[in-house]
Amino acid sequence: MARGARTDAPPRTVTVATLAAMKRAGNPIACLTAYDYGFAAACERAGVDLLLVGDSLGMVVQGGETTLPVTVDDVVYHTRCVAAACRRALVVADMPFMSHPDPETGLHNAGRLMKEGGARMVKLEGGAEQAALVDRLAANGIPVCAHLGLQPQRVHKLGGYRVQGRDEDQAAGMERDALALEEAGADLLIVECVPTHLAARLSGALTIPVIGIGAGGGCDGQILVLHDALGVTTAPPRFAHDFCGDGRGVNGALAAYVEAVRARTFPGPEHGFEA
Ligand code: KIV
C-alpha cells in the first residue's frame, strides 16, 4: 500500500473503479445530466455520483427538436463548464451524432472531449457495430459509457421516441449488443426506455454497471435529464419525476433525487414500462 494511503477514506473522486465497486456492493449509482457550472456545482453538493454532459443539450439548452445538430464543439464547451465545478462526480461527455463515423474520427473527437473539455469518460450510442470504436478508445485509455435501448440520435430511423426491446427477439439482440460492448472494453452502460424486466436482465448479465433512464428500478443506477428532474421541462417523459414539485428548492430537490435513487424508492412502478 502506498505510504499515507487510508483504506477507510471515502474516494475523493468517483472513478470507473468506484462505479464497479458500487455495483458489486449493491449501492445504487445516482446520475444526472448537467450542462453548466452552477447546476453542476449544485449536483456536486447534493452528492450526485456521475454527471453526463448529454447531447440532450441540443433540446433542453439550445431548444432544438432533436439532438442531431449538436456539435463536438458544443459538447466540449459545456463539458468544460461542468468539469470546472466537479471534484467528486465523474464527468462524462456525449459523442454527438456523426462524431464517430469511423474509429479514427471517433478517437480524435473523444480525445477532444477529454483534453479540451475535461471529461473523464465519453458516452456513445449504438450496439455491437460500435465495438471496434470502443476497443480503440479503451486501448487509448479513454473510459467508455455505451448507450442502448432508445437511442435519440436514431430518432428518424426509429420513427419516434419509443420504448425499445419489448419483444424477445429485440431483447435478446440488445443483450448480445450489451455483452459485445462490455467485451470490447466499455466501462458503463446506459439503457434508455426499455421494459423494466429487460433492464434488470441486462444488469444481471453484465459485470459493468447498468444505469437506467425509463428502465425501471432493477438497474445498478439511475440517470435523468436535469431539466426533467427539476420540473423545468413542460412535457416531461412519463418515466421522469419532478423532485422540485412538492415545494423543495433546487438544492432540496437534488438531494431528494440522490436519496431516492440510493433508497431505491425512485423509479417506482409507475415510471417503468412493461413488455
Ligand atoms: O443526452 C442525454 O442526456 C442522454 C441521457 C438521456 C442518458 O443520453
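The values are calculated or read from the model by the stated rules, or taken from the named source; none is laboratory data. Worth saying up front: this structure is predicted, and the values here are computed from it rather than measured. Note: ideal-geometry Cβ built from the backbone for every residue, glycine included; neighbour counts use all protein chains shown. Calculation scope for accessible area: heavy atoms of the full protein, side chains included, ligands and nucleic acids excluded. Shrake-Rupley method; radii C 1.70, N 1.55, O 1.52, S 1.80 Å.
Right, GLY218: open to solvent by 30 Å² or more (accessible area, probe 1.4 Å) and either modelled with pLDDT of 95 or more or closer than 21 Å to ALA21 by Cβ (or both) or not?
yes
What number of residues in region 171-180 are more than 19 Å from the chain's Cα centre (by Cα), hydrophobic (A, V, I, L, M, F, W, C) and under 20 Å from LEU133 (Cβ atoms)?
Total satisfying the criteria: 0.
Return yes when GLY245 is among the small types (Gly, Ala, Ser) and closer than 29 Å to THR105 by Cα and no when it is not.
Against the criterion (among the small types (Gly, Ala, Ser) and closer than 29 Å to THR105 by Cα), GLY245 does not qualify.
In region 187-275, which strands (runs of 3 or more DSSP E) lie fully inside it and hold 1 or more residues that are acidic (Asp, Glu) and in contact with a Lys or Arg (Cβ under 7 Å, 6 or more places away or on another chain)?
No strands (runs of 3 or more DSSP E) qualify here.
Search region 210-225 for residues that are touching a residue at least 60 places away in the same chain (Cβ under 8 Å) and pair each with any residue that is of a type in the set (Asp, Glu) and within 11 Å of the ligand (Cβ to nearest atom) when their beta-carbon atoms are under 9 Å apart and the residues are at least 6 apart or on different chains.
Going by the 9 Å Cβ cut-off, the qualifying pairs are GLY214/GLU192; ALA215/GLU192; ILE223/GLU192.
Being open to solvent by less than 30 Å² (accessible area, probe 1.4 Å), more than 16 Å from the ligand (Cβ to nearest atom) and more than 23 Å from LEU148 (Cβ to Cβ): is that true of ALA263 here?
In short, no.
If you go through region 159-172 one residue at a time, do you hit one that is part of a strand (DSSP E or B), within 16 Å of the ligand (Cβ to nearest atom), on the phi < 0 side of the Ramachandran plot and not hydrophobic (A, V, I, L, M, F, W, C)?
No, region 159-172 contains no residue that is part of a strand (DSSP E or B), within 16 Å of the ligand (Cβ to nearest atom), on the phi < 0 side of the Ramachandran plot and not hydrophobic (A, V, I, L, M, F, W, C).
Could you please give the count of residues in region 32-43 that are more than 8 Å from the ligand (Cβ to nearest atom), surrounded by 21 or more Cβ atoms within 10 Å (Cβ to Cβ) and not in a helix (DSSP H, G or I)?
3
Scan region 50-63 and report the pairs whose first residue is farther than 16 Å from LEU124 by Cβ and whose second residue is near the ligand (Cβ under 8 Å from one of its atoms) and open to solvent by 20 Å² or more (accessible area, probe 1.4 Å), with Cβ atoms within less than 7 Å and a gap of 6+ or a chain change.
Note: pairs meeting the criteria are VAL60/VAL225.
Got a sec? Which of VAL194, VAL250 is within 14 Å of the ligand (Cβ to nearest atom) and among the β-branched types (Val, Ile, Thr)?
Sole residue among the options that is within 14 Å of the ligand (Cβ to nearest atom) and among the β-branched types (Val, Ile, Thr): VAL194.
Looking only at region 19-76, how many residues end up being among the charged types (D, E, K, R) and in contact with a Cys (Cβ under 7 Å, 6 or more places away or on another chain)?
3
Checking LEU202 against (1) of a type outside the set (Asp, Glu); (2) surrounded by fewer than 23 Cβ atoms within 10 Å (Cβ to Cβ); (3) more than 15 Å from the chain's Cα centre (by Cα), only one condition comes out false. Which one?
Failed condition: (2).
State the number of residues belonging to region 64-98 that are under 15 Å from LEU124 (Cβ atoms) and either of a type in the set (D, E, K, R) or within 13 Å of the ligand (Cβ to nearest atom) (or both).
Final tally of qualifying residues: 11.
Within region 228-249, restricting attention to residues that are open to solvent by less than 40 Å² (accessible area, probe 1.4 Å) and touching a residue at least 40 places away in the same chain (Cβ under 8 Å), which residue is nearest to CYS193 (Cα to Cα)?
That would be PHE239.
What residue, of GLU183, GLU168, GLU192, GLU129, is under 17 Å from the mean Cα position of the chain (by Cα) and either modelled with pLDDT under 95 or among the acidic types (Asp, Glu) (or both)?
Testing whether each residue is under 17 Å from the mean Cα position of the chain (by Cα) and either modelled with pLDDT under 95 or among the acidic types (Asp, Glu) (or both) leaves just GLU192.
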